[in-house]
Amino acid sequence: MALQLVRACSIPCPFVPWNDPAPTIAPRHEPAKTHANVSSDDTIVQPDLTFADLGLSDKVLSAVTDAGYTKPTPIQAGAIPHALQGKDVLGIAQTGTGKTAAFVLPMITRLEKGRARARMPRTLILEPTRELAAQVEENFVRYGKNHKLNIALLIGGVSFDEQERKLERGADVLIATPGRLLDHRERGKLLLTGVDILVIDEADRMLDMGFIPDIERICEMIPFTRQTLFFSATMPPEITKLTEKFLQAPVRVEVAKPSSTATTVTQRLVKSGSKSWDKRAVLRKLIEDEGDSLTNAIIFCNRKVDVSELFRSLVKHDFDAGALHGDMDQRARMAMLDGFRNNKLRLLVASDVAARGLDIPAVSHVFNFDVPIHAEDYVHRIGRTGRAGRSGKAFTIVTKSDNKYLDAVEKLTGQSIEWLDGDLSTLSPEVESDEAPRRGRGRPERKGRGRERGGERTRETPVAKTTPADEREDVVEAAPAERRERREAIRQGNAERERQMPNRPEQPRRDRDDRGRRYRDQDDVNTVVGFGDDVPAFMKIAVPV
DNA sequence: AAAAAAT
């Protein structure tokens with residue numbers, strides 16, 4: 001500790017601006033004054049514009065060419081020249097518009113002059129999620145291949161050691177999620193006084209996630225002489241306020257949505273009984289019916305437990321599946337995402353971590369296993385398909401209890417979504433009525449049939465109406481050797497991914513409260529501490545929670 | 001009836 005202090009003090013001006021709460025900030029101009037509106041129409045107006053026209057350095061240009069790009073997207077064409085001049089930029093653009101390269105390319109060009117000093121990164125990029133941060137790092141690697149950039153990625157869920165080493169070495173580019181960044185700073189391993197360029201990406205999402213106070217704290221640690229590049233898909237009032245506070249005379253670059261969802265994405269609602277096994281059976285049927293037209297798909301669930309449950313179920317049915325949610329450890333998250341990107345994996349079951357921002361190209365299908373609780377999430381989810389002019393399909397499984405949320409979705413999108421095969425009123429009545437009595441009593445079909453793997457206590461029904469297990473056998477018998485091999489490969493991949501799924505963290509710990517203190521076990525409910533076997537009856541009365 | 005992010 002003492003050592004750290006001594007070392008921190010040996011750095012020039014260690015304590016200066018971050019204790020001064022944002023000193024006299026230069027006068028701000030209204031963003032509208034320097035307004036430079038660029039819409040997607042500009043691509044038509046200037047069809048011949050190339051990256052070479054934007055003023056990027058030769059080294060950056062050659063990396064861009066090597067990556068196979070010649071024409072900038074509207075946000076790139078609009079933002080890059082201003083960013084190169086050192087102006088603040090307010091970019092209003094969604095993912096899929098080429099937003100990341102719009103700040104990465106000019107930053108690399110501007111970083112060519114100067115060198116990084118220990119613990120004093122020269123640039124800082126804030127991202128709302130770990131995956132996005134990692135994605136930005138990949139961009140710096142790709143476009144910075146002709147440069148000797150020191151890149152540090154500070155995200156949670158991985159060890160501090162390597163991150164600290166990179167900071168120590170001096171980072172040209174620091175990419176971080178807010179929590180881990182502040183953590184490093186509190187440990188005294190990081191000085192933000194040398195940051196020349198600050199990027200705040202996906203600001204509206206940071207807002208949703210409650211990061212704004214952290215962002216404000218971080219902004220106040222960075223000298224106001226910096227350049228700020230600020231990106232947001234939407235501009236709610238809180239975000240506008242933030243830009244007024246932290247941007248100086250920004251150039252506003254606004255681009256239209258990459259594609260209007262309605263034209264490229266075929267949306268359908270699919271009725272289902274409300275029990276999860278019904279929904280799983282409906283989903284399997286949907287996937288099978290889509291056949292080879294389904295090249296890859298994301299299946300969204302509302303809750304992390306459901307992601308895990310559905311993932312295990314699909315694996316059990318030999319679907320080529322992976323899972324992604326925020327309670328999985330970082331290695332598993334990365335591995336799943338990589339597998340999905342490299343097409344080693346056809347189905348990705350995910351929470352809304354994957355709904356926005358993640359760069360998953362060309363998904364042919366999106367399935368909403370649950371109707372999202374917040375209507376705007378629906379838009380983000382189905383936005384994962386039908387990108388770049390390709391067609392996509394989005395199926396949403398709907399149960400009786402989803403009506404309220406479905407109404408909200410239809411109201412938000414301003415269109416009623418077609419049912420695939422009749423609405424809920426056409427649901428055969430036994431689907432709903434059968435279950436209530438069956439539940440808890442055990443199903444007759446299951447009696448005497450041991451579970452394949454003992455001790456497993458999933459709610460999965462081995463014999464659903466479609467008896468999928470038996471059907472599967474038929475398929476395997478009838479399949480040519482080639483298909484059997486493929487199935488075997490899927491099984492192996494699944495087994496590997498299942499191993500990567502954490503056994504515990506994704507299940508909410510019902511035996512602990514939120515401070516990690518242990519609740520009494522279910523079985524403990526009837527044993528009252530201190531009474532031995534003689535417990536007054538009133539103390540055993542269960543209190544409804 | 002949610003998820004994300006620091007431990």
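The values are calculated or read from the model by the stated rules, or taken from the named source; none is laboratory data. If you're wondering where the values come from, they're calculated on a predicted model, not measured in any experiment. Counting neighbours? That spans all protein chains shown, and the Cβs are built from the backbone with ideal geometry, glycine included. Heads up: the accessible areas ignore ligands, DNA and RNA and are worked out on the full protein's heavy atoms, side chains in. Shrake-Rupley method; radii C 1.70, N 1.55, O 1.52, S 1.80 Å.
So in the stretch A:390-405, with the set limited to residues that are open to solvent by less than 70 Å² (accessible area, probe 1.4 Å) and more than 23 Å from the chain's Cα centre (by Cα), which one is farthest from DNA strand B (Cβ to nearest atom)?
A:Val398
Of all residues in the stretch A:127-150 being among the β-branched types (Val, Ile, Thr) and buried (at least 17 other Cβ atoms within 10 Å of the Cβ), which is farthest from DNA strand B (Cβ to nearest atom)?
Checked the stretch A:127-150; the qualifying residue farthest from DNA strand B (Cβ to nearest atom) is A:Val136.
Kindly list, by first and then second residue, each pair from a residue in the stretch A:484-499 that is under 22 Å from A:Arg331 (Cβ atoms) and open to solvent by less than 100 Å² (accessible area, probe 1.4 Å) to a residue that is part of a helix (DSSP H, G or I) and at pLDDT below 80, limited to pairs with Cβ atoms under 7 Å and residues at least 6 apart or on different chains.
none
What number of residues in the stretch A:339-369 are free of Cβ contacts under 8 Å to residues at least 60 places away in the same chain and part of a loop (DSSP other than H, G, I, E, B)?
6
Please work out if A:Lys166 is more than 18 Å from A:Phe211 (Cβ to Cβ), surrounded by fewer than 21 Cβ atoms within 10 Å (Cβ to Cβ), free of Cβ contacts under 8 Å to residues at least 24 places away in the same chain and not hydroxyl-bearing (Ser, Thr, Tyr).
yes
Is it the case, given these coordinates, that A:Gly179 is open to solvent by 20 Å² or more (accessible area, probe 1.4 Å), within 15 Å of DNA strand B (Cβ to nearest atom) and assigned to a loop (DSSP other than H, G, I, E, B)?
Answer is no for this residue.
Given the conditions (1) more than 25 Å from A:His82 (Cα to Cα); (2) away from DNA strand B (no atom under 16 Å from the Cβ); (3) outside any helix (DSSP H, G or I), which single one is not true for A:Arg165?
(3)
How do the strands (runs of 3 or more DSSP E) wholly within the stretch A:187-303 filter down when requiring 3 or more residues that are assigned by TED's automatic domain parsing to the domain that holds A:Arg381, more than 16 Å from DNA strand B (Cβ to nearest atom) and open to solvent by 10 Å² or more (accessible area, probe 1.4 Å): which remain?
Strands (runs of 3 or more DSSP E) meeting the threshold: A:265-271.
Given the criterion free of Cβ contacts under 8 Å to residues at least 60 places away in the same chain, buried (at least 23 other Cβ atoms within 10 Å of the Cβ) and within 16 Å of DNA strand B (Cβ to nearest atom), identify the matching residue among A:Leu124, A:Leu153.
None of the other options fit; the residue is A:Leu153.
Which one of these is modelled with pLDDT of 95 or more and touching a strand residue (DSSP E or B) at 6+ places or on another chain (Cβ under 6 Å): A:Phe103, A:Phe51?
Only one candidate qualifies: A:Phe103.
On the given criteria, is A:Gly114 outside the structural domain of A:Arg341 (by TED's automatic domain parsing), open to solvent by 10 Å² or more (accessible area, probe 1.4 Å), part of a loop (DSSP other than H, G, I, E, B) and at positive phi?
yes
Of the conditions (1) open to solvent by 10 Å² or more (accessible area, probe 1.4 Å); (2) over 18 Å from A:Thr396 (Cβ atoms), A:Phe311 fails just one. Which one is it?
The one condition A:Phe311 does not meet is (1).
Mind checking whether some residue in the stretch A:343-361 is more than 16 Å from DNA strand B (Cβ to nearest atom), open to solvent by 70 Å² or more (accessible area, probe 1.4 Å) and modelled with pLDDT of 85 or more? Steps first, please.
Going through the stretch A:343-361, the residues more than 16 Å from DNA strand B (Cβ to nearest atom) turn out to be A:343-347, A:361.
Filter once more, keeping what is open to solvent by 70 Å² or more (accessible area, probe 1.4 Å): A:343-344, A:361.
Filter again for modelled with pLDDT of 85 or more, leaving A:343-344.
Yes, the conditions are met somewhere in the stretch A:343-361.
Kindly provide the set of residues from the stretch A:304-338 that are more than 24 Å from A:Gly383 (Cβ to Cβ), more than 10 Å from DNA strand B (Cβ to nearest atom) and part of a helix (DSSP H, G or I), ordered by number.
Correct list: A:Glu309, A:Arg312, A:Ser313, A:Val315, A:Lys316, A:Arg331, A:Ala332, A:Ala335.
Being under 16 Å from A:Arg312 (Cα atoms) and charged (D, E, K, R) is the filter here; which residues of the stretch A:334-349 pass it?
The one that is under 16 Å from A:Arg312 (Cα atoms) and charged (D, E, K, R): A:Arg346.
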